[in-house]
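Just so it is clear, none of the values below were taken in a lab; they were calculated from the coordinates. Everything numeric in this text was worked out from a predicted model, so none of it was measured. Cβ placement follows ideal geometry from the backbone for every residue including glycine, while neighbour counts extend to all protein chains displayed.
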Amino acid sequence: MGVNSRGQCGTGEISNNVWSPQTVRGLTLASLTIGSDDKISNSLTEQDQPIIQVALGFQHGYALSKEGTVYSWGKATRGQLGRFVNADQDACARPIKIDNKNQRVVEIGAGFHHGALLTDDGEVFVWGKYMSRSHNNIERKGSNRSGDSIDASKPERVLGLKKATRISCGSHHTTMLMQDGSVYAIGVASDEPVPILDPVELIPAGVLELPLRQFEAHHDRTTVIDRQGTVYQVHLWKDEMLQDYAYFTPAFIDALTDEGHTIQSIHRGWRHSIIVTS
């Protein structure tokens, strides 16, 4: 339910609003040929598999099935649907499968205008705004529709990584937890609005006590809470000197722990935070 001007509710139709909860239509393994109007009949779109994760961006959404299939719907102008969309189409009102070469997906993430997925063999793929590695051009101005050189309209593998075990998308970045406990990120830096597509190590191996209690990217940073309850706020910086201070425990955490609180989780909006204690 909600605003549906880009089909982001996934109901099969574009409208100003969806005022009451409606079924998302198209979460099916069947291959459907619908036509150019992007409307589908109820008889063809019954969900035929369990969905284990949903991730929502600004005006788009993803769903991950138990079998490892990813679906996308909503706004399509920056490649954020991760699949081919007709050049004259700026939105897709129903979920359609993302082709990831038959690799099984175990986790998904959604940013403001981009998405990411993690496969069962530890590979990470990204797509959407500024996510094209092969044609990345941060100086380019003008039109930014999907298909332009700075956007990736289909999943592209993140190169130079060890085996990843978790991913999480902030507004403009994607953070990745490696099997050895190190943390990397790509995307738009916090200190300068330029995309970084070569993974930057934010936390080296040996710092975090695994398994983690929380691994969650927010608007401009990522929260990591390890097994011992140590809290880190993590930033992706472009400046190499700032990268030496990519993770830190913020002062407000010290103030709360001095009062006897144990931090369970931290959740950040655009300019506000919610802290949950034990």
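Observations on the model:
- Charge sum, other residues only, whose C-beta stays under 10 Å from Pro50's C-beta, Lys/Arg counted +1 and Asp/Glu -1: -1
- If you sort the three axes of the alpha carbon gyration tensor as a ≥ b ≥ c, you get a/c of 1.5 or more for the range 187-234 and a/b above b/c, which makes it prolate.
- Working note: 222 nm ellipticity from helices only, DSSP H runs with n ≥ 4, each -39,500 (n - 2.57), summed and divided by the residues of the chain, gives -1000 deg cm²/dmol to the nearest 500.
- Cα-based shape type of the range 73-139, given that a ≥ b ≥ c are square roots of the gyration tensor eigenvalues and the cut on a/c is 1.5: oblate
- Here the dipole of the range 90-139 is about 160 debye; that uses its Cα centre as origin and unit charges on the Cβ of Lys and Arg (positive) and Asp and Glu (negative).
- Computing FRET efficiency as 1/(1 + (r/R0)^6) for Ala255 and Val194, where r is the C-beta to C-beta distance and R0 is 41 Å, gives about 0.75.
- Net +/- balance of residues flanking Ala189 in space, Cβ distance below 9 Å, scoring K and R +1, D and E -1: -2
- Residues His219, His261, His113, His272 in ascending order of nearby Cβ atoms (within 10 Å, fewest first): His272, His261, His219, His113.
- Across Lys75/Lys129; Lys101/Lys129; Lys75/Lys163; Lys66/Lys163; Lys97/Lys129; Lys75/Lys97, pairs whose alpha-carbon gap is larger than 23 Å: Lys75/Lys163
- Averaging the sequence gap over all C-alpha pairs within less than 8 Å and six or more residues apart, then dividing by the number of residues, gives the chain a relative contact order of 11 percent.
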